[in-house]
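Structure record follows, encoded as structure tokens.
The values are calculated or read from the model by the stated rules, or taken from the named source; none is laboratory data. This is a predicted model, so every value here is computed, not measured. Cβ: placed from backbone, ideal geometry, glycine included. Neighbour counts: every protein chain shown. Surface areas here come from the heavy atoms of the whole protein model, side chains and all, with no ligands, DNA or RNA. Shrake-Rupley method; radii C 1.70, N 1.55, O 1.52, S 1.80 Å.
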Amino acid sequence: MAWQETYQAWVAYPELNANLKKQLTAISDQEQLEDAFYQPMTFGTAGMRGIMGPGINRMNIYTVRQATEGLARFMDTLDPATKKRGVAISFDSRYHSELFAHEAAQVLGAHQIPSFVFDGLRPTPELSFAVRHLHTYAGIMITASHNPKQYNGYKIYGPDGGQMPPKEADLITRYVRQVTDLFHIKTVAIQDLRAAKLMTLIGEDVDEAYLANVKKITINQNLVDEVGPKLKLVYSPLHGTGKMLGEKALTNAGFTQFKFVTPQAIADPEFATVPYPNPEFPEAFDMAIKLGKQENADVLIATDPDADRLGTAVRQPDGNYRLLNGNQIAALMLDYILRANQAAGTLPDNAVVIKSIVSTELATQIAHHYHVKMLDVLTGFKFIGEKIKQYEADHSQTYMFGFEESYGSLIRPFVRDKDAIQGLLLLAEIAAFYQKQGKTLYDGLQDLFKQYGYYAEKTVSQTFEGVSGHDKMAQLMTKFRENQPTAFNGVKITAVEDFTQQTKKFADGHQEKMTLPTANVLKYLLADKTWIAVRPSGTEPKIKFYVGTIGKSETDAAAKLTAFEQALQDFAKA
């Protein structure tokens, strides 16, 4: 069916949601209309994410019902006892998030599938925890994470609290795509669901259980008791879900000298004080830096709207603040976890750390220093979750830490996704550790550089919006594959890892078979230990370019990073 026919079907539907109808009639731009109707929303292993509005390629009540109908049809194939375990549902502070959460419950109820819905907004990591705590079969998180205010999203979690495994996710995707009539998906009214005990509200009971586990994040309570009350910390939830749990986690641990960035502690779907509610962006820290200078704060921390990612800035001797990137934060966390556990005699012989293939090699050096195994997995925290599940079953390794360069990490696996509340608490403890030595987190990072080398990494994204975006992304990936470069910035490429073909090709012509799953990723290994990776985003219309290098000094590493980034961009544009 041509997009114009789909569009006309929406216009002609007499019971179309009034708000969506108003938005639809206001769109006059043909390109916008085509983008909204030319294809259904992409639904994959990470669920779906997109701009809110009318159309089959937009987040709205009908596409949310469609996704949930696919999940429900899949759960209909399960045995009755498994199906009756139901689905936990949470949502963030975005426009329509609570509505979408309730729409999902109404569709599940029509299939006699119980839902356990939070009574207010909660972070993604608590949804992951709730699946495990309540023993539900699945979880739904309504969030677009750190995207701008126009976006929302829908993520499905499996029985272990991790994002749904690929096999089950593929089956659910198949069922979702079979749902072609979005206007006649059966739902049950909330009042009727409650009367039939098919929808249960959850809240403080799960909060308390989650926070009881968070208390275990603290490794050296004596240190926190001594330094915690003196550590000055500024925290911003960036208008999202982190405030309540973050405040309680810090207070319970013994950190009392913290201040909220008050305007950003408001759960505001407009994200009114930031251009992007993303702790990766320096602008997200503007208000925190201003408050930090007023309070003479030691460390500033911000979490994204669904509180699964965390950024930080630390005070310098001149009173200004320096932002650390996701790789640097993870390196500090990893070193402290292994150091503190080693000192306490609690570092297992079979300890393992897990990171994504596009994350810093500094972490690998740190792990090996403590005689701990480092495992690389594909990008996507579900792959870290899968390994945790495997180790839980076969006891071959003991999980210590997992992270991705994109500011997301998991410390203790009572959650199976990135958890910025855990990160907030651990980072405060690490700041206390260095403060006791008269140092800052930045000083601690410099210590790591002096010991292991000056590592530097950068991620650059190129956006491909609209109908033609997907084709342009595919063409660019084809260019990298078919016109293989032999060098970047004058440095020879020694090997190319193609995760689609699952082969590692060396410059001398020989090949090795790779063991990681298939993925649309290319990674170049260079003679000077620099690496470069190229991959399309799984959740946004972007191709991401990653560069990681090592220099003789911080300045040298930064200069190399700039040169390699330029060489990569030149090749992409040629």
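Key figures
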item: Among (1) out of contact with any strand residue (DSSP E or B) (no Cβ under 7 Å at 6 or more places or on another chain); (2) in a helix (DSSP H, G or I); (3) β-branched (Val, Ile, Thr), the one test that Val274 misses; result: (2)
item: Residues located in region 542-567, provided they are open to solvent by 30 Å² or more (accessible area, probe 1.4 Å) and touching a strand residue (DSSP E or B) at 6+ places or on another chain (Cβ under 6 Å); result: Lys542, Lys544, Ile550, Ser553, Glu554, Ala558, Lys560, Glu565
item: Only listed residue being open to solvent by less than 20 Å² (accessible area, probe 1.4 Å), in contact with a Lys or Arg (Cβ under 8 Å, 6 or more places away or on another chain) and not charged (D, E, K, R), chosen from Leu238, Leu211; result: Leu211
item: Candidate set: region 355-366, residues that are in a loop (DSSP other than H, G, I, E, B) and hydrophobic (A, V, I, L, M, F, W, C); chosen: the one surrounded by the fewest Cβ atoms within 10 Å (Cβ to Cβ); result: Ile357
item: So Tyr13, is it open to solvent by less than 50 Å² (accessible area, probe 1.4 Å), touching a Phe, Trp or Tyr at 6+ places or on another chain (Cβ under 9 Å), of a type outside the set (A, V, I, L, M) and over 30 Å from Asp207 (Cα atoms); result: yes
item: Qualifying strands (runs of 3 or more DSSP E) (wholly inside region 466-574; at least 3 residues being within 27 Å of the chain's Cα centre (by Cα) and within 20 Å of Ala456 (Cα to Cα)); result: 522-526, 531-536, 542-551
item: Members of region 517-540 found to be open to solvent by 40 Å² or more (accessible area, probe 1.4 Å) and modelled with pLDDT under 95, listed by number; result: Pro517, Thr518, Asn520, Gly538, Thr539
item: Hey, Ala209 modelled with pLDDT of 95 or more, over 30 Å from Gly242 (Cβ atoms) and small (Gly, Ala, Ser) or not; result: no
item: Number of the condition not met by Lys216 [criteria: (1) assigned to a helix (DSSP H, G or I); (2) of a type outside the set (S, T, N, Q); (3) farther than 19 Å from Ile411 by Cβ; (4) open to solvent by 20 Å² or more (accessible area, probe 1.4 Å)]; result: (3)
item: Unique match (being of a type in the set (S, T, N, Q), in contact with a helix residue (DSSP H, G or I) (Cβ under 8 Å, 6 or more places away or on another chain) and either modelled with pLDDT under 95 or assigned to a helix (DSSP H, G or I) (or both)) among Thr42, Thr6; result: Thr6
item: Whichever residue in region 277-303 is touching a Phe, Trp or Tyr at 6+ places or on another chain (Cβ under 8 Å) and part of a loop (DSSP other than H, G, I, E, B) and, among such residues, is nearest to Asp92 (Cα to Cα); result: Pro277
item: Within region 367-414, strands (runs of 3 or more DSSP E) holding 3 or more residues that are among the β-branched types (Val, Ile, Thr) and open to solvent by 20 Å² or more (accessible area, probe 1.4 Å); result: none
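One line per residue, one yes/no per condition, for (1) modelled with pLDDT of 95 or more; (2) assigned to a loop (DSSP other than H, G, I, E, B); (3) hydroxyl-bearing (Ser, Thr, Tyr):
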site: Lys155; (1), (2), (3): yes, no, no
site: Val176; (1), (2), (3): no, no, no
site: Phe183; (1), (2), (3): yes, no, no
site: Thr187; (1), (2), (3): yes, yes, yes
site: Leu201; (1), (2), (3): yes, no, no
